[in-house]
Structure formats: C-alpha cells, structure tokens
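Engineer: Shown below is the structure under consideration.
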Number of protein chains: 2
Amino acid sequence: MLKEERQQLILEKLGTDKKVTLVELGQLLNVSYDSVRRDVIELEDRGLLKKVHGGAIANSYLSMKASRGLGIANNEFNIITKKAQKLIENHSIVLMDGGTTNFYIAEQLPKSLEITVVTNNPHLATALAEHPKIEVILLGGSFYKRYQITLGSKTMQDLEHINADLYFMGINSIHPQKGLAIRQYEESLLKQKMMSVAKKTVSCVIEEKMNRVENYKVCDVDDLDYLVTSLNPNEKILQPFKGKSVEIL
Amino acid sequence: MLKEERQQLILEKLGTDKKVTLVELGQLLNVSYDSVRRDVIELEDRGLLKKVHGGAIANSYLSMKASRGLGIANNEFNIITKKAQKLIENHSIVLMDGGTTNFYIAEQLPKSLEITVVTNNPHLATALAEHPKIEVILLGGSFYKRYQITLGSKTMQDLEHINADLYFMGINSIHPQKGLAIRQYEESLLKQKMMSVAKKTVSCVIEEKMNRVENYKVCDVDDLDYLVTSLNPNEKILQPFKGKSVEIL
DNA sequence: AGTAAATTTGCAAAAAATTGCAATAGTTTG
DNA sequence: CAAACTATTGCAATTTTTTGCAAATTTACT
C-alpha cells in the first residue's frame, strides 16, 4: 500500500468518524502501528488533523466547513456562542485568534452585525466572507501550518497598530491557580501581545479544557475580563473561579 | 510498445483504480520498472497524475476530464504550470498574489521544492500546507472578500520588508499597447508595489485574457520580465508581443 | 535507402525513503 | 501507585529513487 493512499484513507475515515485510534487504523489498513503513527504526525504537520494521545481527531476547521449547512449543531458550542454574541454586540473592533471555538463563534455571528474582526487565522477570515457587514483584517506573518495561523515577529508588529475593544482568546487549558495555557511558546507570546492591545479579554472555554494544564502559560485567570463557558454558574467545577476578578458567563 | 501507448494505458488504469504502484505497472505493461517510472515522471510534469513514493495517484483533474471524454493531453493550465515551474526552480523567494492561475500553479508545485512563498491570498497559504518544504509568509491587511485577498496600505507596508526574487502577477487582461490591467484600483496599486519589490516579474495568462482591456492598468507589457502562455510562440495572437522586451514562454 | 543524431530503454550501483521491531520512556486510568 | 496503554528512539531490512552508462530504437535528413 502506498503511503499517500494510506494517508488519504486516514483522512477519509476521520471525515466520517471524527476520531480514530492508531491501533484501529493499523488493523484497518493492515500496517504496523508505527506507520500509521508516522502518517498521523505528517498529516498533523500539514494541518489536516489533530493528533491526540492514542489516536487522531478530525481537523476542526475542515470538519466544520464540511458540516456547515448540514444542521449539525454542537450544543456546547452553541451555548457558548450565544453568550459570546452578547459580549460582541457592544464592541466594534474584535480581535480573534485561532482555535475551534473562535472559528465557530465567528461563523455563527449574525449577518447583520457591523463590526471589524482582526485575526491571524486565515480560515476565519475566509469564513467571514459570508458576512457582508463585517470588515476583516488579517494579520500577516509566517504561516504556521500545524495550527493554521500566522505567527512570529511580523504578526506581533502588526498588532502594534491595533486598538481592539475585545479580544477572544483561544486557549488549550485553564486552571484556577495555574492560569491559561497553550501548547506553543511562540503562540503564548502572541496571545500576551494581543491581550495588551485589547481593552478587554474574553476566553470561551469548553468543559474538557478546564482544570488541565498545558505547557506555556499565557496569563492568570485574574487577567481575564470575561470567562464564557457552557456551564451553569453554580456548577462545582466553576467554584474555584468564583473568587477571581473575572466575570463568569 | 510505444511510449505514447504505454502512457495512455497508465492514465486509463489510473482513471479506474485511482492509484497504481510502479511495480504493478511494469508487470502489466511488460516493460522495465525504469520505463514506467520515467513515464510517470513525464505524465506528472504534464500535470496528468500525481507521482508518489512507489507509485502514482490519479489527479482530480484527470478524472474530471477523462469522465467527460475530453482530451486530457494538454489543458491550458497544465502547460502554463509546467513552464512556470521551470522559472521558479532557480528562485528562492517567490511572491504570488491572487487569481486562479496562481493558485493552480502553487498547488502543483513539486513537494520537494524548498522555497519561500509570500502571498496575500489566504487560500494559497493553506493549500501550500501540503508542501512540507515550502515556507509561507502571509501578507496582512484588510481582507477583500470579493477577491479573497488582503489589500490596502497595511499590505503595501508589509511588502516594504520583502525582497523577492520572482513575482507571479495574476492579471485580468493583457494587451500589447494598453498593457496589463485589473478590475480593482487598490489592487492595481498593490501589484505595482509588488513589482517594485521583486527582481523579476512574470505573468501567466490564459488565452481568454489576451487582447482584452480591463479598468485599471498595472504596467506595460515591457515592464514584465516573462510572459507565460499556453500558446505556441508562433501563434498570431502572440505576434504583437514579440517586439517587446518581455521574454515569451 | 543509408547514415547521423536524438531519443528511448534496460541495467547496475549508490543514495534515499519507508517500514517494522524492540527497548525505553512517558501517560492515562482505575 | 501500579497496570495497561501509548509514545519515542535508534536500528536494520526492505523497497524505491537516482544516476550514469551503453545498447537498442526511432527520427531526421540527404
């Protein structure tokens, strides 16, 4: 079996199942665990899927684009999106970086909304082409394929000239004591910069990211202005965040 | 067995199977491994299939054309792409802006190519994620939805810091006297800027764009270094361009 | 025809890529 | 915390690619 063929099959499988384990793939394709693992790494570097411990999950941008219009609604995302929209309404310049949640929020924004969105995520920029009244500013820089965003000193510089009202920060983990963190060092620097050029910062977090701790800390929970989750404010998982200065939605 | 015959059979096989290994082909056609390998390389150069380690994979254009019974031998884009690749080979920093032709050229670049591509077209950036050795720099600025590129003074500024070797200029029309032109005023300014930061400028033009005149002139034909078309150099439509300083490919 | 030039073909040796394995290190889960 | 699972690394076997070369074939031209 050709390597390319295998990789194509992996992507197809992911397109339907959204997730696969490496062992499964090995059996399905009749090759060693190592081969599929190496394939998955390669595909992740190209931004075509996301590798997780034990397997891989579909690339969120791609699958969202694919499922768009099919009425496939994700409840958790929808709750967060509703709350996020309330925040946006009063702000005219919104900064949004990478991550599935941000992408989903942007896509679902009302068509009538008149705001400016500044982003380092090309997928988000092209998706917003559907919104006639939203002006989109794309941040330049070197394109980091794995996470499909622009990054680096050029992107940082671009931010110098931005004064945003609200920043939607995508994040990999949030923890009451250890703060908000992300996987890439460069990305953490960028996010800090983004915070500094925005009046207010909000982070929309799905439940699975709570109480985990990723590699590079971006800021403390206290540095956030708003925290949006799909949870009921009384949930016990939210209690440790209650004493903070952040407003929980 | 004639070479043409063999290559035709290879394409047919690919049309039905979507993939073949070279060993398979060698046995099927009863020729040496080397011959089929060389055939496959040639076919790839013509953009008719995708060569991968160990074999070949049908290219989407092939299946499209083949199913319609069209002549697959030489589509206009493929001829242009091949010629464009020759130009790129000796350059390390390539500037490419919007337009279908540029997108197609970028997509078809060899996977082994080690260059940097600077672009204001986010789609091109994400498509190039497939090419592990190509570094992509995305130009920032306000995102112009209609043509799906970034534009404006920020994009212009970004260009100040670029010294490109070769600029692929997408264009809407070309005329021997009236020069190269485009539909948007802002875009024409940007293209002029791009020309100024690149050592050489090349434009790849399909036949339908020749001898038309669009709204905003970017430059004269003489300002171009190379003009790539799918036409035979002796075609009468090209004659008016012959006296110019541009090199016609 | 007949010959020279160009192209094509198959072969062999060396270089490069791919693959599976095993030992080790790291993660997750109950 | 330990057991089970997963990831990483280095390695060796295998397969594929590349390169140069010489024989065979085709093409072009007189």
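The values are calculated or read from the model by the stated rules, or taken from the named source; none is laboratory data. Keep in mind it's a predicted model, so treat the numbers as computed, not measured. Cβ: placed from backbone, ideal geometry, glycine included. Neighbour counts: every protein chain shown. Surface areas here come from the heavy atoms of the whole protein model, side chains and all, with no ligands, DNA or RNA. Shrake-Rupley method; radii C 1.70, N 1.55, O 1.52, S 1.80 Å.
Engineer: For the stretch A:1-17, enumerate the residues that are open to solvent by less than 60 Å² (accessible area, probe 1.4 Å) and either among the aliphatic types (A, V, I, L, M) or within 15 Å of DNA strand D (Cβ to nearest atom) (or both).
Structural biologist: A:Leu2, A:Glu4, A:Glu5, A:Arg6, A:Ile10, A:Leu11, A:Leu14
Engineer: Kindly check whether there is at least one residue in the stretch B:223-233 that is open to solvent by 20 Å² or more (accessible area, probe 1.4 Å) and in a helix (DSSP H, G or I).
Structural biologist: yes
Engineer: Those residues that are of a type in the set (D, E, K, R) and part of a loop (DSSP other than H, G, I, E, B), I need them from the stretch A:77-105; list them, please.
Structural biologist: Listed by number, the residues that qualify are A:Glu89, A:Asp97.
Engineer: Any residue in the stretch A:36-52 that is in contact (Cβ under 8 Å) with a residue 60 or more places away in the chain sitting within a Cβ distance under 7 Å of a residue that is of a type outside the set (A, V, I, L, M, F, W, C) and in a strand (DSSP E or B)? List the pairs, counting only those 6 or more apart or interchain.
Structural biologist: From the stretch A:36-52, the pairs are A:Glu44/A:Lys50; A:Glu44/A:Lys51.
Engineer: So A:Val136 ticks every box in (1) open to solvent by 10 Å² or more (accessible area, probe 1.4 Å); (2) without any contact (Cβ under 8 Å) to a residue 40 or more places away in the chain; (3) within 9 Å of chain B (Cβ to nearest Cβ) but one. Which box is left unticked?
Structural biologist: Result: A:Val136 fails condition (1) only.
Engineer: Please determine, by comparing only the residues of the stretch B:43-57 that are near DNA strand D (Cβ under 7 Å from one of its atoms) and outside any strand (DSSP E or B), which one is surrounded by the fewest Cβ atoms within 10 Å (Cβ to Cβ).
Structural biologist: B:His53
Engineer: Looking only at residues that are without any contact (Cβ under 8 Å) to a residue 40 or more places away in the chain and over 15 Å from the mean Cα position of the chain (by Cα) in the stretch B:116-130, which one is most open to solvent (accessible area, probe 1.4 Å)?
Structural biologist: Within the stretch B:116-130, the match that is most open to solvent (accessible area, probe 1.4 Å) is B:Glu130.
Engineer: Given the conditions (1) touching a residue at least 40 places away in the same chain (Cβ under 8 Å); (2) open to solvent by less than 10 Å² (accessible area, probe 1.4 Å); (3) within 14 Å of chain A (Cβ to nearest Cβ), and given that B:Tyr144 satisfies all but one, which numbered condition is not satisfied?
Structural biologist: Every condition holds for B:Tyr144 apart from (2).
Engineer: Any idea which of (1) touching a helix residue (DSSP H, G or I) at 6+ places or on another chain (Cβ under 6 Å); (2) without any contact (Cβ under 8 Å) to a residue 24 or more places away in the chain; (3) more than 7 Å from chain A (Cβ to nearest Cβ) is the one B:Lys111 doesn't satisfy?
Structural biologist: (1)
Engineer: Then there's this: If A:Ser92 satisfies every condition in (1) of a type in the set (Ser, Thr, Tyr); (2) within 16 Å of DNA strand D (Cβ to nearest atom); (3) away from chain B (no Cβ under 14 Å) but one, which is the exception?
Structural biologist: All conditions pass for A:Ser92, except number (2).
Engineer: Could you pull out the residue among A:Ile10, A:Ile105 that is more than 14 Å from every other protein chain (Cβ to nearest Cβ) and in contact (Cβ under 8 Å) with a residue 60 or more places away in the chain?
Structural biologist: Just a single option satisfies the conditions, and that option is A:Ile105.
Engineer: Based on what the data block shows, is B:Lys209 free of Cβ contacts under 8 Å to residues at least 40 places away in the same chain, closer than 19 Å to B:Ile80 by Cα and open to solvent by 10 Å² or more (accessible area, probe 1.4 Å)?
Structural biologist: On the way: free of Cβ contacts under 8 Å to residues at least 40 places away in the same chain: yes; closer than 19 Å to B:Ile80 by Cα: yes; open to solvent by 10 Å² or more (accessible area, probe 1.4 Å): yes.
Criteria met by B:Lys209.
Engineer: Mind counting the residues in the stretch A:23-42 that are in a helix (DSSP H, G or I), more than 13 Å from DNA strand D (Cβ to nearest atom) and either closer than 14 Å to A:Lys3 by Cβ or open to solvent by less than 60 Å² (accessible area, probe 1.4 Å) (or both)? Steps first, please.
Structural biologist: Kept after step one, since they are in a helix (DSSP H, G or I), are these residues of the stretch A:23-42: A:23-29, A:33-42.
With the extra rule that they be more than 13 Å from DNA strand D (Cβ to nearest atom), the set shrinks to A:28-29.
Now narrow it down to the ones that are either closer than 14 Å to A:Lys3 by Cβ or open to solvent by less than 60 Å² (accessible area, probe 1.4 Å) (or both): A:29.
Residues in the stretch A:23-42 being in a helix (DSSP H, G or I), more than 13 Å from DNA strand D (Cβ to nearest atom) and either closer than 14 Å to A:Lys3 by Cβ or open to solvent by less than 60 Å² (accessible area, probe 1.4 Å) (or both): 1 in total.
Engineer: Of all residues in the stretch A:147-168, which are among the hydrophobic types (A, V, I, L, M, F, W, C), open to solvent by less than 10 Å² (accessible area, probe 1.4 Å) and farther than 10 Å from A:Leu190 by Cβ?
Structural biologist: Correct list: A:Ala164, A:Leu166, A:Phe168.
Engineer: Pick from A:Glu42, A:Glu89: which is closer than 30 Å to A:Thr155 by Cβ and more than 15 Å from DNA strand C (Cβ to nearest atom)?
Structural biologist: Result: A:Glu89 is the single residue among A:Glu42, A:Glu89 that is closer than 30 Å to A:Thr155 by Cβ and more than 15 Å from DNA strand C (Cβ to nearest atom).
Engineer: Given the conditions (1) out of contact with any Ser or Thr (no Cβ under 8 Å at 6 or more places or on another chain); (2) within 13 Å of DNA strand C (Cβ to nearest atom), and given that B:Arg6 satisfies all but one, which numbered condition is not satisfied?
Structural biologist: (1)
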